[in-house]
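Engineer: One structure, as structure tokens, below. Some questions next.
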Amino acid sequence: MTNSVVHGLPRWSLAVPPLALVVLVLSWGRKPGAVLLILICAGLGAAVIAAVHHAEVVAHRVGEPFGTLILALAVTVIEVALIVTLMASGGDKAASLARDTVFAAVMITCNGILGLALVVGSLRHKTQEFRVHASGSALAVMTALVTLSLVLPTFTTSTPGATFSGPQLAFAGVASLVMYGVFVFVQTIRHRDYFLPVVESADAGAAPLAVEEEDEAHAAAPSGKVALVSLALLFGCLVAVVGLAKTVSPKLESAVESAGAPLAVVGVMIALLVLLPETVAAVRAALRDRLQTSLNLALGSALASIGLTIPAIAIASIWLSGPLVLGLGSKELVLFVLTVVVSMLTLATGRATLLQGAVHLMIFSSFLFLAVSP
């Protein structure tokens, strides 16, 4: 710890949340000009960075895999709030916003975050180990969630278009919540040790060993008081991120329309924004040779995004007017199938290399290119 630490936390991390909330109060309900727009964007970026820091403090206190779960849930709260807010004000134009944002989150986590972690980790450590049974089970749940929530609506016949009927949407929401709940139970209680990072055994050829909680980081775990302060500041950061993103969203939509890009780009931008904390945390874990933590973050974020967003949207659809388009198009279906196949091959060996990361990043680049130029 340095001299810039107050009560165990850096001063900047204590100052950013209230400052971001002040910017939110000053900008709420106003049409931002150039200066105010710059302040909003700066506050938004600072709040995201501060959210990363405070989530990591809380995660360090509670240990793995609870830490990654906390960060995934925090990110999902932001995502759901943004989707519901924009759908409430966007009308029919926002009918596919939930689908676009959730699918973008899957592509970002399973290809962008995962690929970046694999590349960064392999460049520093050459080859990294992870637990096949943990990551494979997370991939299986993610595949089932996407198929039941985003693929089936394209093929159902009860309603026209890529939509669910009321009972179908309710079933999809309940099924998503149940699968995610069971996964969290397995991850945190039933088979918690499966999701811990691994280290090489001292004996040649021996299986990797689980890293004990107290050995997961070189620094001492923060006190309970510091963790509680970080948890409160994390909540403040999340409020600021949601509010500032809502304020800047009309400018974002106008910029997308002016550029002639499809409205699906808005969903991609939302997902990129809310998953920035996960990306930073996953890269840091890979640099510390904790690839399993990176996988927990990437796949756990995908699971939280679908498993919690779909039920929330299903409930919100009761009072939201307009259709709710969930079914993926043919282009998205191809990218999803490719992602699942490549992820299965990546996670089958328990060892990650530069090549695997490069393949995932190229799929992610293809997704971004096709989102702008469909």
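The values are calculated or read from the model by the stated rules, or taken from the named source; none is laboratory data. Quick caveat: nothing in here was measured; it's all calculated off a predicted structure. Here Cβ is always computed from backbone atoms with ideal geometry, including for glycine, and neighbour counts include all displayed protein chains. Note: accessible area is taken over every heavy atom of the protein model, side chains too, but ligands, DNA and RNA are not part of it. Shrake-Rupley method; radii C 1.70, N 1.55, O 1.52, S 1.80 Å.
Engineer: Restricting attention to the range 218-270, which residues are among the aliphatic types (A, V, I, L, M), over 24 Å from Ile83 (Cβ atoms) and free of Cβ contacts under 8 Å to residues at least 60 places away in the same chain?
Structural biologist: Ala220, Leu228, Ala232 - these are the residues of the range 218-270 that are among the aliphatic types (A, V, I, L, M), over 24 Å from Ile83 (Cβ atoms) and free of Cβ contacts under 8 Å to residues at least 60 places away in the same chain.
Engineer: May I pose another question? Please tell me if Leu73 is open to solvent by 40 Å² or more (accessible area, probe 1.4 Å), modelled with pLDDT under 75 and within 21 Å of Tyr180 (Cβ to Cβ).
Structural biologist: yes
Engineer: Still on this model: How many of the residues in the range 330-353 are assigned to a loop (DSSP other than H, G, I, E, B) and surrounded by fewer than 16 Cβ atoms within 10 Å (Cβ to Cβ)?
Structural biologist: Final tally of qualifying residues: 2.
Engineer: Continuing with this model, one more query. How about the range 239-293: which of its residues are of a type outside the set (A, V, I, L, M, F, W, C), assigned to a helix (DSSP H, G or I) and closer than 30 Å to Leu354 by Cα?
Structural biologist: Selection gives Gly267, Pro277, Glu278, Thr279, Arg284, Gln292, Thr293.
Engineer: Is it true that some residue in the range 306-320 is part of a helix (DSSP H, G or I) and within 22 Å of Glu56 (Cα to Cα)?
Structural biologist: Scanning the range 306-320, I find at least one residue that is part of a helix (DSSP H, G or I) and within 22 Å of Glu56 (Cα to Cα), so the answer is yes.
Engineer: Count, please, the residues in the range 49-70 that happen to be modelled with pLDDT under 80, hydrophobic (A, V, I, L, M, F, W, C) and surrounded by fewer than 24 Cβ atoms within 10 Å (Cβ to Cβ).
Structural biologist: 6
Engineer: Can you name every residue in the range 153-190 that is without any contact (Cβ under 8 Å) to a residue 12 or more places away in the chain, assigned to a loop (DSSP other than H, G, I, E, B) and open to solvent by 30 Å² or more (accessible area, probe 1.4 Å)?
Structural biologist: Scanning the range 153-190 gives Thr157, Ser158, Thr159, Pro160.
Engineer: Further question on the same structure: Of the residues that make up the range 107-124, is at least one among the small types (Gly, Ala, Ser), farther than 22 Å from Ser305 by Cα, at pLDDT below 90 and in contact with a Leu (Cβ under 9 Å, 6 or more places away or on another chain)?
Structural biologist: Yes: one or more hits.
Engineer: Does the range 240-282 hold any residues that are modelled with pLDDT of 80 or more and surrounded by fewer than 18 Cβ atoms within 10 Å (Cβ to Cβ), and which are they?
Structural biologist: Result: Leu272, single match.
Engineer: Do you know which residues across the range 354-374 are under 17 Å from Leu118 (Cβ atoms), of a type in the set (A, V, I, L, M, F, W, C) and open to solvent by 50 Å² or more (accessible area, probe 1.4 Å)?
Structural biologist: Leu354, Leu355, Val359, Met362 - these are the residues of the range 354-374 that are under 17 Å from Leu118 (Cβ atoms), of a type in the set (A, V, I, L, M, F, W, C) and open to solvent by 50 Å² or more (accessible area, probe 1.4 Å).
Engineer: Pick from the range 222-237 the residues that are touching a helix residue (DSSP H, G or I) at 6+ places or on another chain (Cβ under 6 Å) and in a helix (DSSP H, G or I): which of them is nearest to Thr101 (Cα to Cα)?
Structural biologist: Among residues in the range 222-237 that are touching a helix residue (DSSP H, G or I) at 6+ places or on another chain (Cβ under 6 Å) and in a helix (DSSP H, G or I), the one nearest to Thr101 (Cα to Cα) is Cys237.
Engineer: List, please: which pairs have Cβ atoms under 7 Å, are six or more places apart or on different chains, and start with a residue in the range 326-352 that is farther than 24 Å from Ala117 by Cα and end with one that is open to solvent by less than 70 Å² (accessible area, probe 1.4 Å) and assigned to a loop (DSSP other than H, G, I, E, B)?
Structural biologist: Leu326/Ala162; Leu326/Phe164; Gly327/Ala162
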